[in-house]
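Reading through the structure tokens given below for one structure.
Every number here is computed from the coordinates shown, using simple stated rules; none is lab data. Keep in mind that what you see is a predicted model, and the values were worked out from it rather than measured. Please note: Cβ atoms are built from the backbone with ideal geometry, for glycine as well, and neighbour counts cover all protein chains shown.
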Ligand SMILES: [Fe+2]
Ligand SMILES: [Fe+2]
């Protein structure tokens, strides 16, 4: 019985990790949409909705990600990574306010480029590395 429960937990965690990778892809899809809309002045208002959806999705994502990290990593590592997420949320809120104040091609392009750079770094430098360690721990 215990063996079965352990197997189920392991399976769920693997699924959790692959969901995290899917989320990362989805985050880049939002950024791509934002980039595309910059060149469509008629649809500029839609950029606000895309960014709002991005923020809601990112918030759900970091809750899941931090829960997974808490299961395996030290409190210090989790806290450091959580503070990176918090700083990004602050940046996202500021960007949304900027966008709402003035939706223009230049502003949408700038926000999309900054988001792309930030999340490329975040995922390549931290998330992928952390997830690889977790996969190795479970083997
Ligand atoms: Fe992540
Ligand atoms: Fe992260």
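Looking at the P(r) of the stretch 2-137, how many percent of alpha-carbon pairs lie beyond 27 Å? Write out the running numbers ahead of the final one.
Numbers: 2640 of 9180 pairs.
Above the 27 Å cut-off, the stretch 2-137 has 29 percent of its Cα pairs.
Could you work out how far the C-alpha centroid of the stretch 26-64 sits from that of the stretch 91-107, in angstrom?
Distance between centres, Cα-based: 12 Å.
Ranked from highest to lowest mean number of other Cβ atoms within 10 Å per residue, what is the order of the peptides 71-84, 18-31?
Result, highest mean first: 18-31, 71-84.
For the chain, modelled as a GNM with alpha-carbon contacts under 10 angstrom, which of 42, 100, 120 fluctuates the most?
Maximum among the listed residues: 42.
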